[in-house]
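The values are calculated or read from the model by the stated rules, or taken from the named source; none is laboratory data. These numbers were taken from a predicted model, which means no experiment stands behind them. Cβ: placed from backbone, ideal geometry, glycine included. Neighbour counts: every protein chain shown. When the accessible area is computed, the model is the full protein with side chains, heavy atoms only, and any ligands, DNA or RNA have been set aside. Shrake-Rupley method; radii C 1.70, N 1.55, O 1.52, S 1.80 Å.
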Amino acid sequence: MNKLLEIISKLKFRHFVCLFLLYLIYLPFQPWIIAEITTPIRAKMIEKDVIKIYVKPDEWRRLRGITTIATPSTPPLEWKDLRDVEHSDIQFPQTLEFEGRIYDASFMDEKTHIILYNHDNTKDRKSFGGCVFDANYHLYYDLIIHKIIASVQDVFGLYPSYLAGGYNSVGELDNNYSKLREFLQKNYNF
């Protein structure tokens, strides 16, 4: 403690002014720095639990009675916006509650009857010093066997964009979501 007091007593007033000015310069960039540092750490923390498969591809084919396996020439899954599908005679739940989150139906593949549900996380966002910590949650639900096939989570950070307004994002948005979508294309298609 005495050494600290000695060091402080040796500092002159201009040093305090300089440190204060450096802090003022740093202040607007603080949320951006926090977002850049914490987002990779948060992504690494959840790395093992990002993509969860609840119904394995072989079990899914058995439950559905599908005997064919998708080949490279198999047409890709075509995700239709549910606003376009609502007028059809397909009945599906508009919302699902899973792991304490409420998911809203957003897209559907008409061939496989798999529905993509999204969780809107804007109400539950956590922030620190202007930086917003957020995550995207997606569920894939099979309408025929009435089971959740898979879930995926992506984390990202938002920081204020002072000149342009709004927020800029940090992190790979929908990276894990894209990986799961490719997995579904290869294994849950016929």
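Every residue, every condition in (1) touching a residue at least 60 places away in the same chain (Cβ under 8 Å); (2) open to solvent by 80 Å² or more (accessible area, probe 1.4 Å), yes or no:
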{"position": "L11", "(1), (2)": "no, no"}
{"position": "F16", "(1), (2)": "no, yes"}
{"position": "Y23", "(1), (2)": "no, yes"}
{"position": "P28", "(1), (2)": "yes, no"}
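Regarding L158, is this residue under 21 Å from A70 (Cβ atoms) and open to solvent by less than 40 Å² (accessible area, probe 1.4 Å)? Show your work before the answer.
Numbers: under 21 Å from A70 (Cβ atoms): no; open to solvent by less than 40 Å² (accessible area, probe 1.4 Å): yes.
No, not satisfied.
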Return the pairs, sorted by first residue and then second, in which the second residue is of a type in the set (S, T, N, Q), the first residue lies in region 58-82 and is more than 21 Å from H146 (Cβ to Cβ), the beta carbons are less than 8 Å apart, and the residues are 6+ apart or on different chains.
A70/Q185; A70/N187; A70/N189; T74/N189; P76/Q185; P76/N189; D81/S106
Residue list for region 34-80, restricted to those being open to solvent by 80 Å² or more (accessible area, probe 1.4 Å), modelled with pLDDT under 85 and of a type in the set (S, T, Y)
T67, S73
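Say we look at region 139-151 and pick out the residues that are in contact with an Asp or Glu (Cβ under 9 Å, 6 or more places away or on another chain) and open to solvent by less than 20 Å² (accessible area, probe 1.4 Å); which of these is farthest from A43 (Cα to Cα)? I'd like the intermediate steps shown before the answer.
Step one: list which residues in region 139-151 are in contact with an Asp or Glu (Cβ under 9 Å, 6 or more places away or on another chain), which gives 148-149, 151.
Then drop every residue that is not open to solvent by less than 20 Å² (accessible area, probe 1.4 Å), which leaves 149, 151.
Details: I149: 23, S151: 16 Å.
In this case the residue turns out to be I149.
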Just name the residue that is farthest from I51 (Cα to Cα) out of those in region 163-186 that are surrounded by fewer than 17 Cβ atoms within 10 Å (Cβ to Cβ) and either of a type in the set (S, T, N, Q) or in contact with a helix residue (DSSP H, G or I) (Cβ under 6 Å, 6 or more places away or on another chain) (or both).
N168
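For region 120-135, how many residues are under 30 Å from N187 (Cβ atoms) and either among the charged types (D, E, K, R) or at pLDDT 90 or above (or both)?
We begin by selecting, within region 120-135, every residue under 30 Å from N187 (Cβ atoms); these are 120-121, 134-135.
If we keep only those that are either among the charged types (D, E, K, R) or at pLDDT 90 or above (or both) too, we end up with 120, 134.
Residues flagged as under 30 Å from N187 (Cβ atoms) and either among the charged types (D, E, K, R) or at pLDDT 90 or above (or both) within region 120-135 amount to 2.
To keep it simple, each residue is scored yes or no on (1) in a helix (DSSP H, G or I); (2) more than 26 Å from S151 (Cα to Cα).
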{"position": "I7", "(1), (2)": "yes, yes"}
{"position": "L21", "(1), (2)": "yes, yes"}
{"position": "L27", "(1), (2)": "yes, yes"}
{"position": "T39", "(1), (2)": "yes, no"}
{"position": "K52", "(1), (2)": "no, no"}
Restricting attention to region 81-105, report how many residues are open to solvent by less than 50 Å² (accessible area, probe 1.4 Å), out of contact with any Ser or Thr (no Cβ under 8 Å at 6 or more places or on another chain) and either assigned to a helix (DSSP H, G or I) or modelled with pLDDT under 90 (or both).
5
